[in-house]
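Trainee: Before we start, here is the structure in question, set down as C-alpha cells.
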Amino acid sequence: MIEFARPVMLVGLLAALVPVAIHLLGRRKAQRVQFSALAFLLQQNPQRARNLRLRERALLGLRVAAMVLIAVVLAKPMVPSFSSPASVVAGTAPVAAVIILDDSMSMGVVAADGTSRFDRARARGAELLGLLPLGSTAAVVTSGFPARSLQPRLRSELGAVADDVHAVRWWPRRDDASRALVIARQLLAASPLKDRRIVVLSDLQKDAWARFAPSPGDRKPRVLAEPIQHRTGHNLSIVAAHAEPATERGPRHVRVQVEVRNTGNAPAAGQVTIASGQRVLKRWLEIGVGESARRSVVIPGDRGTARVTLPPDDLAADNQRDVLLVGDAALRIAIINGDPRPVPREDEVFFVTQALRLGSDRGDVEVDVIALTDAGDTAWQRYDAIVLANVAELSADVARALDERVREGAGLLVTAGDALPANATGWPLLLLPWGLAGPRDLPNESDRSAALQVADGPANAVAGGMRAALAPTIASFSLARTRRHLLVSPSAATGKATVLRFADGAPALLLGARGQGRVAFWATSIDREWSDVALQPGFLPMIGQLVKALGIASADATPKTVEPGGVAVAQRHANATHLVVYRDTEDGAVVKTLAAAEQSTGQWRLSELLEPGRYRLIERSTRAVWTKKTLLVVPPVSEMYINELDDSARWKLPASHPAPPQRRPQIPGWPLALLFVLAVMLLEGVVLWRMAGGRLAKQQRAS
C-alpha cells in the first residue's frame, strides 16, 4: 500500500485539469475555415491525418501526466519495502521513538553462526533507525545495569544515533529493564510529536523482563517489542564459589567449593577446573536441566586466587570465576631473628612462628623469616607487621625504613632478649615510644612470678581494646615463671600503654600508636631463655591476637565483591591522596586512578568496573603506599538463566491500547515519481519536435 508523507500536496492533482481545459477552450474559440486544398490532402493521405490527431492527444496526455506526477512528487510517496522484514516503526508520519537496547549478560548467548543475541539486537536497532519516517526523532537507551541513555535528548540526526548504537559494547552485567523504561518515558515526554513509541530489542530473559510491565493506564507512549530470539541448548553456570579453611588438612589449607547449575534447556556434562598457581584440579559433572551440582577441592592457601573454569558453551560469561583464597587476605608478617640457634626449640623465631601459624584459626597469617643481614634489602611495604625478636642492632637506614613503614600503617613488635640493648639508644629510641631502664633479674624462686595480669587504670585506644581481647585467656598464665625481664621507664604514657603486667606491677606488654601504625613491646624473651611463658597454653592465642591487632591497620582482611557496573565503597586512609586500581593480570595494567579530592569524606566510590576478575586497590600518597585492598568483580547470577519468558508469563501491552500489527517498512517513492516526470517532459519534447518538423516540411512543399 502506497502512503504519502505530505498528503496535502495531492491537492495539486487538480492542476491536471488545466491542460484539458486549455485544450477544450481552444477548440471552442477556433474558427472553422474550409480549405479545399487541405481537405484534398487529407483525403489523399488519411494516415497522416490520423497521426496528427494522435500527436495532439498524446501531447495533451503527457501534459496531464506531468501535472499529476509533479503533485505526487510534492506529496512524497512511500512504498512498501519487500527486501526488509516487518517493522514496528513502519509508517509515513514522523514519530518520536526510543529504542531500549538490551546489553545485559544473557544477550551474550552465541548462536551456531557465531553471532550473539547482542550483535543481532544492535544491528536491528541501527536498521530501525534507518526506517523511521522523515521528520522523526529518536534516542537509544541501554538496559544493562545501570540503565543509561546514549543521547541526552531525542535527536533528529538519525545517522548519528545509529553511530552511537554501533559503538555500544556488551559487558556481562545484570539487566535494569524497569529503569530503562523510566528513562525512555522521560525522553519522550519532551517531544512535541503525537506518535511516541518505545521499541524493546531484547531476548526477554525471564528473570529481568518478568518484572518489566508498561502501566495499564498508559496510552502514550506505545511500548512495542521485537524479541531477539534464538534458542540455546547448552549452558552450565558457576552460581557460587568460595574458599574456607580446611583445618583438618593443616592451618594453611583451604577448601574451594563450587556450585554449578544447568541453566540451559538440555542436559550437560563436562569438567570443572580449579586452578591455583601451578596446581590444576578437575572434577567431572553431569547435570540435568535446572539441576545443580557441588564440587570441592582442598589446596594450600597460597597468596592469590583460585580460578574456576567450565567447558565452553552458548554463554561464555558465566564459565569462569575467581575465588579469593583465605591466604590472600592474610596478614603478612616479617620476623627478624636477632639470635638464631641451631636447635629449633631453643630459637625465638621457632616459638613466635609456631604461635602465629598455629594460633590463627583461619590460616590468615603469612610469616616470612628474614635474616638480619638481609634487612637492608627487604621491601617492607609488602608487610603488615614486623617482629624484631631479640635484635641487637639495626643500621640507620633500616631503622628509618621501619619507622616510615610503621608511620604509614604497619605494626611493630619488639621482644626482649640478651642481644637487645638494655637502654633506649640507637634504633630502640627511634622505634619505641618508651624508654628502657635496664634488665631486672629474679634469682629467687619466690620472686620468679610471671603470673601475667591484665593492667587496669587509664589506657590509650589500642591498649584498651587489647586488654579486653586478652582478658578471657589471661588465666592460663597463672603458672608462668619469669627469670628476667626489661624494665620500662615509668611515665604517664607508659601506664596508658600497658596491656599486661607482671605480678609485681612491672609492665609486661605495652601497646601504643605511632603515626598510622602501632608499636608493641614484650618485656621478656619470646623463647625459654628468660621465661616459660611460651610454653603456656594461652601463648598461641595471645600472640595471634596481638599480631592481628598490630597489622589490621594496614591489611584489608575482608575481601569485597561487586557485580559489573556496580559501585564498590571502601574506607579511605586519612593520608591517602589517590586510589590506583590495577587489573590483577600478568600485565598489571592500571584501570583508573581516583583522587581523594573528588571523593566523599573518608570513602572511595569505585564504579564502571565492567570486566569480571580480580582488581588491586592501592591507596597511596606522593611518597608512600598506605593500604592494599582486593576487589572481585563477579558476573550476576540472575543473568545466568538465559531462557526467555514463557508466552504465558510474558508481559502484555495495555489492553486499552493494543499494539498495531507489524507492517512492511516504507521507503521513499518520490525519486521514482520524479524520474517519471522527467520522462514525460522528454516525451513531450519529442512530440513537439516531431510536430514542428511536420509543419516545416509542409511549408517547404507549399513554397
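The values are calculated or read from the model by the stated rules, or taken from the named source; none is laboratory data. Just so we're clear, the structure is a prediction, and the values are computed from it rather than from any experiment. Glycine gets a Cβ as well: all are built from the backbone with ideal geometry, and neighbour counts include every protein chain shown. Note: accessible area is taken over every heavy atom of the protein model, side chains too, but ligands, DNA and RNA are not part of it. Shrake-Rupley method; radii C 1.70, N 1.55, O 1.52, S 1.80 Å.
Trainee: Rolling a 1.4 angstrom probe over the protein heavy atoms, how many square angstrom per residue are accessible across region 449-535?
Mentor: I get 37 Å² per residue for this part.
Trainee: So how far apart, in nm, are the two label points at Val580 and Arg341 if each is 7 Å from Cα heading toward Cβ?
Mentor: 4.3 nm
Trainee: Using per-residue counts of other Cβ atoms within 10 Å, averaged over each peptide, order 317-325, 568-576 from highest down.
Mentor: 317-325, 568-576
Trainee: So if I average 1/r over every pair of distinct C-alpha atoms in region 399-514 and take the inverse, what Kirkwood radius in Å does that give?
Mentor: Taking every pair of different Cα atoms in region 399-514, averaging 1/r and inverting gives 15.1 Å.
Trainee: Please list the equivalent ellipsoid semi-axes of region 507-549, computed as the square roots of five times the alpha-carbon gyration tensor eigenvalues, in descending order and whole angstrom.
Mentor: Ellipsoid half-lengths, sorted descending, are 22, 13, 7 Å.
Trainee: Turning to a different aspect of this structure: Students often get this wrong, so check it: of Lys282/Lys592; Lys206/Lys629; Lys282/Lys560, which have C-alpha atoms separated by over 32 Å?
Mentor: Lys282/Lys592; Lys206/Lys629
Trainee: At 0.36 nm per residue, and after removing the present C-alpha to C-alpha distance, how many nm does the segment from Thr425 to Ala392 gain when stretched out fully?
Mentor: Value of the extension gain: 10.7 nm.
Trainee: Here is a further query. Based on the Cβ-Cβ distance of Leu610 and His166, what FRET efficiency does E = 1/(1 + (r/R0)^6) give at R0 = 25 Å, to the nearest 0.05?
Mentor: With R0 = 25 Å, the Cβ-Cβ based efficiency is 0.85.
Trainee: Given points 7 Å out from each Cα along the Cα-Cβ axis, report the Arg481 to Arg407 separation in nanometres with one decimal.
Mentor: Output for this residue pair reads 4.5 nm.
Trainee: Compactness ratio of region 147-194: Cα Rg over 2.2 N^0.38 Å, N = residue count?
Mentor: Normalised Rg, Cα atoms only: 1.29.
Trainee: Report the extension gain between Ser178 and Gln381 in nm, rounded to one decimal, defined as 0.36 nm multiplied by the number of residues separating them, less their alpha carbon distance.
Mentor: 68.4 nm
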